[in-house]
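Values in this text are rule-based calculations from the coordinates and carry no lab data. Small disclaimer: the values here were computed from a predicted structure and weren't measured. Glycine also receives a Cβ, built like all others from the backbone with ideal geometry; neighbour counts cover every protein chain displayed.
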Amino acid sequence: MSDNQILSFRTDPTAYKHWRVACDGPMATLTMAVTPDAGWRRDYELKLNSYDISVDIELHDVVQRLRFEHPEVKVVVVTGGIDKVFCAGANIQMLSTSTHGHKVNFCKFTNETRNGIEDATANSGQTYIAAVNGTAAGGGYELALACDEIVLIDDRSSAVSLPEVPLLAVLPGTGGLTRVVDKRFVRRDLADVFSTRTEGIRGQQALDWGLVDAVAPKSTFDQVVHGRAMARAASSDRPDSAGITLPTFGQSVIVNGDSVTSTCVDVALDRAVGTARFTIRGPQGEQPATALQLLTAGSDAWLLRCVLELDYIILHLRFNEPEIGTWVLTTVGDGAAVEAAEVVLLDHSDWLVREVRLQWTRTLKRLDASSRTLVTLIEPGSCFVGVLAELVLAADRSFMLDGQREGDDRPAPLLRLTDANNGQHPMSNGVSRLRTRFWGRDDVYKAAVAHVGVDLDAVEAVAAELVTFALDDIDWDDEVRVMLEERNSFSPDALIGMEANLRFVGPETMETKIFARLTAWQNWIFQRPNAVGPEGALLRFGTGSRPNFDRKRV
C-alpha cells in the first residue's frame, strides 16, 4: 500500500483494532493497545504502541462517541495496554516513508483530535486524565499532554520525553513544545533540557519540573489514578442519563470520482480549475425545537447530521484531494428553516444541545485550518443564515448576487446573521468570526452586531462589510470564473502561508500558536535534508548510523 491510496475515515466501535473502551458509571477507561500489523499501510509495524493515522482515526471516533453516547461518563482515563509502554509516539518508519503532504496532514488531524480531548475537558464536563503506566515518548507524551492531568508510574524505568529534536531532527508534531510551556507552564530553560534529553525525565523529577501532576509506585498507581478520577467526576455537570447513538462516521457519504454525495452535503470537483464546489442543503421537514426533541431525533436531526457529514467530507478532501486548492461554499434551502432549526442551540442548560453546538464549533475550526482557499457564493435559493452564515464569515472572499438572475423567478438572495454568529462558535483565536472580521474596528463591529436578525440584500451586506463583493447577473459568471482561474494560477505554498496569516486575526492562543507553527515551522523542517535527506535523521534512525547534518543555521 502507498499513502497515495484513498484514506477512509469511516469507522465505528465494531471496527476498532487499537483501542479498548470500558465504561463504569462516571468513569471510562480508554486503553491504547495498538495492533502492530493493522496500520494504514503494510510496510511498517506499529511496535511499542506507536501509531499512524489509523490509530488516530479510531481515537477521534472514541472521543466523539464518549461525548454523545455516554453523558454519564464524567472522566476518561487514558492508559497503555502494553507492559511498560504507555505510547512510543508516531511510528518512525511511517514518517520516514510517507509523503510530505501526508506527514503534515497526519500531524494536523492528530492535533485536532488532541484539541477535541481538551475541548471535552474544558467545555463538556468530561475530563481526561492520562494514567502513564509506562514510557511515554514523543507523540505518546503529547497524547498525555492533551489530558488535563498526568499521573506517571514511578517504577525507575518509565519516563516522559519529547526526543524529536535530538533523534529525528524535527519538532514534536502535535503541539508538544507549546503545551509544555503554555499549558503546563514548565520553565523554558527546563523545557529546553527536557526537549533535548532523549531518555526523558522520570519519577519525582518529572513532578518537580511540572511535566506530570502526580507520581505513584506500581503498588498504589491504580488507586491514585482512580482517586483523582473520582474527584474530577464529582465536579462535572454531565447528567446520569441516556445518550444518543452516532452512526458510523461517514456512513452516508458516497465518494465517486469527481463527486461526493451525502444527505446534507454534496461536493463537485472541477480538476481543471482546482475547485471543490460544496452544496450544503438546509433542513427539510420539522426539526427539534426543544432539548427533549433533539434527544429523540438524535443523529437524524439536521443540525447533527449536517455537521457530521461536513466534518467527514472536509477530512476526505484534505487527505485525498490535495490538488483541489479552492473550496467554493454554497447553500440551498429555506433560511427561515435554518433559523428555526438552530433555535434549540440557545438552550445552554442541556448537555446534548451543548455537544451539538460544540461539534459545529470544532468542524468550523477544522474548515478554518484546512489550508484551502475558501470562497462563498451567495446566490438565489441560498440559505446563508445563522450557523450557515459562519461560512460567509470564514471565507477568504465572498460574492453576493445583487438582484435576480435572468430567467430565474427565485427572489434575490439574502444574508441573515443570528445569535449563532455573535460568539456561539469561536475560532481558534477564542473570539467569533464576526469579531475577528472587524478586529480593531469596534464601531464597524457594533454596527454589524446591530444587523443580527435582519435580512440583508447584496447592497446592504456590502455596506455592512459582511461580504467582499456584490455583483449583478451580467458580471457574476465572468467575475467568479476569472477569480477562480487566477487563484489556481498562484503557488499553493504561498497561498497557504498568506491565508493562514490573514485568517487568524486578533489574539494569539495556544491553539493558534500550535497551528501556526505546524503550518510554518514543521512544514519547513519536515522538508529539510537534515530530517528527510538520504543522510537525514529520519532515514538514519534505527540503522546504527548517525545522521550527517548541514550545520549552517538558516
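What the table below lists for this structure:
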| read-out | value |
| --- | --- |
| No Cys partner within the rule (Cβ under 4.7 Å), the chain | CYS23, CYS87, CYS107, CYS147, CYS383 |
| Residue-count net charge about LEU246 - beta-carbon cut-off 15 Å; Lys, Arg +1, Asp, Glu -1 | -3 |
| Low-density loop positions, trypsin sites (Lys or Arg not before Pro), the range 401-458 - DSSP coil, at most 13 other Cβ in 10 Å | ARG441 |
| Per residue, the convex hull volume that the Cα atoms of the range 243-342 enclose (Å³) | 94 |
| Prolate/oblate/rounded call for the range 182-319, Cα gyration tensor, a/c under 1.5 rounded | oblate |
| Surrounding net charge for ALA169, when Lys and Arg each add one and Asp and Glu each subtract one, Cβ distance under 10 Å | +1 |
| Restricting the range 455-487 to GluC sites (Glu not before Pro) in coil, as DSSP defines it, with at most 16 other Cβ within 10 Å | GLU465 |
| The range 264-385: antiparallel DSSP beta bridges as a percent of all, rounded to 5 | 35 |
| Of the GluC sites (Glu not before Pro) in the range 351-442, those whose Cβ has at most 10 other Cβ within 10 Å and which sit in DSSP loop | GLU406 |
| Overall dimensions of the chain by Cα: Rg and Dmax, Å | 23.9, 79 |
| Overall form of the range 75-143 per C-alpha gyration tensor (a/c, 1.5; a/b vs b/c) | oblate |
| Amide H within-cut-off set for VAL77, under 5 Å, with H built and near neighbours excluded | ALA28, THR29, LEU30, ILE129 |
| Inter-site label distance for ALA520 and ARG20 at 7 Å from Cα along Cβ, in nm | 4.5 |
| Inter-probe distance in nm under a simple model that places probes 7 Å from Cα toward Cβ, at HIS348 and MET230 | 3.3 |
| Added length on full extension, which subtracts the Cα-Cα distance from 0.36 nm per residue, VAL449 to VAL332 | 39.7 nm |
| Nearest-0.05 FRET efficiency for ASP12 and ALA33, computed from C-beta distance (R0 22 Å) | 0.75 |
| Label-point separation, THR290 to GLU486 (7 Å along Cα→Cβ), nm | 5.3 |
| Gyration tensor verdict on the range 399-469 (Cα atoms; rounded if a/c is under 1.5, prolate if a/b is larger than b/c, oblate otherwise) | prolate |
| Among 251-257, 77-83, the order from most to least packed when residues are scored by Cβ within 10 Å on average | 77-83, 251-257 |
